[in-house]
Structure formats: structure tokens, C-alpha cells
Amino acid sequence: DTGVSQDPRHKITKRGQNVTFRCDPISEHNRLYWYRQTLGQGPEFLTYFQNEAQLEKSRLLSDRFSAERPKGSFSTLEIQRTEQGDSAMYLCASRDLELGDTGELFFGEGSRLTVL
Amino acid sequence: QQPVQSPQAVILREGEDAVINCSSSKALYSVHWYRQKHGEAPVFLMILLKGGEQKGHDKISASFNEKKQQSSLYLTASQLSYSGTYFCGTELGSNYQLIWGAGTKLIIKP
């Protein structure tokens with residue numbers, strides 16, 4: 001098991017373009033989270049999945065953001081018509097709640113987005 | 001709803017102790033503690049569930065006061081490797097999102 005992997009690690013795009021990030025969680029983990037983190041701040045919740053079901057989306061997430069987790073495996077986060085304010089680190093984390101209440105989150109290295 | 005962490009930053013000499021606090025205005029189900037080094041992903045330290053238990057490993061321990069909805073992280077005899085930003089994350093229930101505090105930056109000097 002190689003842990004949570006995210007791709008790409010860095011993305012530079014022009015304002016107005018669409019970007020997509022991919023997250024491959026630890027294989028047996030049923031819960032997957034997406035967070036956004038800006039410099040000096042804690043991770044900001046975006047959305048999370050229980051298997052393939054998207055259970056909650058942050059109200060901060062505009063209509064330009066969409067996430068999927070087909071078949072309950074990898075997940076994608078797409079940002080349409082990017083804005084400079086979208087520049088941030090996008091973190092993915094997975095968790096195995098079969099462990100019960102002690103399921104720690106395993107984070108990926110993140111995908112850093114820069115919107116010019 | 002975001003938990004409040006204090007202090008925002010701490011500067012210590014190697015070997016000194018530190019306490020980082022995390023408080024919430026809502027009844028908590030669990031508190032998570034993670035450490036993040038610059039440019040790296042957050043790394044798990046420990047989880048505390050309601051019930052006021054205390055956990056620890058090595059020289060890092062934490063407590064959870066359910067009545068006060070507060071958790072404290074204790075770092076004793078700090079080492080250079082303890083440097084980083086410490087985040088607490090709180091859950092209101094097992095099917096709630098994990099909400100993170102703004103972090104406490106810890107700098108350890110030799």
C-alpha cells in the first residue's frame with residue numbers, strides 16, 4: 001500500500017480554464033475527503049464521500065466545483081472557469097471507518113493550483 | 001463552528017515543554033490532532049473521543065475535556081523534529097465532517 005496519492009502535484013493554469021485533480025485513496029478506505037488549504041490556514045472542508053456516495057458538500061463550494069467518486073475508488077475534483085481565488089493546495093484524505101471511531105485520516109501530498 | 005486554537009505560534013528552546021489548546025462552542029464527538037511540516041501533508045498524531053480520555057505516545061500526549069469542549073496537546077522535552085504547524089480537527093458525530101482549526105505554529109530552536 002503506497003498511501004494516498006494525488007495527481008498532478010502542481011498545476012498552473014490561466015483564469016477561466018478548467019482543471020481536474022485526481023485522488024487515489026488507500027484501497028480499503030471507504031471514506032474520502034477533499035480539503036482546500038491556503039498559506040497559514042487549516043484545511044478547509046470541501047466535500048466527502050462514503051464509498052461512491054457524496055454525503056456532504058461545503059456551502060463554500062460554488063457551482064464551479066464538482067467532485068465524483070465512481071465505484072467508490074478514486075475520486076476527481078474539477079474546477080470550472082478557474083479564478084485567481086481558487087489558487088490553493090487541494091488536499092485529499094481517506095479513512096477506514098471499519099476501524100470504528102479511531103479511524104485516522106491519511107492525507108495525500110496535495111495538488112497545488114496556481115491560477116494566473 | 002471552526003474550533004479555536006491557541007496560541008497561534010510558539011517558539012521554544014529544545015527540551016522545553018509546550019501546550020496547545022483547541023476549543024469548540026459545540027458538543028464534540030471527537031478531536032483529532034495532526035502535525036504538518038512546511039510543504040508536506042498533515043500527519044496523524046492522535047484521536048480523542050468524548051469521555052475525557054487522555055492519550056499519549058512518546059513525549060506527546062493530549063486530553064479532552066468533554067464538559068468544556070476543549071482539548072489540549074502536550075509536548076514535553078521538545079525535540080527539533082517537533083517543529084511544524086499543529087492542527088486540531090473536530091467532529092460533531094461520526095457522520096459529520098471534520099472541521100479544522102487555523103493551526104498553531106511551533107518553532108523549536110537548538
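The values are calculated or read from the model by the stated rules, or taken from the named source; none is laboratory data. Just so you know, these numbers come straight off a predicted model, no measurement behind them. Neighbour counts are summed over all protein chains in view; Cβ atoms, including those assigned to glycine, are modelled from backbone coordinates with ideal geometry.
Data overview
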{"quantity": "Selection from the range A:86-116 of residues that are more than 9 Å from chain B (Cβ to nearest Cβ) and among the hydroxyl-bearing types (Ser, Thr, Tyr)", "calculated": "A:Ser87, A:Tyr90, A:Ser94, A:Ser111, A:Thr114"}
{"quantity": "Candidates A:Glu109, A:Glu52, A:Glu104 - the one that is in contact (Cβ under 8 Å) with a residue 12 or more places away in the chain, acidic (Asp, Glu) and within 30 Å of B:Pro7 (Cα to Cα)", "calculated": "A:Glu109"}
{"quantity": "Residues located in the range A:1-37, provided they are more than 22 Å from B:Arg35 (Cβ to Cβ), assigned to a loop (DSSP other than H, G, I, E, B) and either in contact with a His (Cβ under 6 Å, 6 or more places away or on another chain) or among the hydroxyl-bearing types (Ser, Thr, Tyr) (or both)", "calculated": "A:Ser27"}
{"quantity": "Qualifying residue in the range B:48-59 (condition: within 9 Å of another protein chain (Cβ to nearest Cβ) and on the phi > 0 side of the Ramachandran plot)", "calculated": "no"}
{"quantity": "Subset of the range A:38-85 that is at the interface with chain B (Cβ under 9 Å from one of its Cβ atoms) and outside any loop (DSSP other than H, G, I, E, B) - its residue that is modelled with the lowest pLDDT", "calculated": "A:Glu56"}
{"quantity": "Exclusive hit being in contact (Cβ under 8 Å) with a residue 12 or more places away in the chain, surrounded by 14 or more Cβ atoms within 10 Å (Cβ to Cβ) and not small (Gly, Ala, Ser), set A:Arg64, A:Arg36, A:Arg9", "calculated": "A:Arg36"}
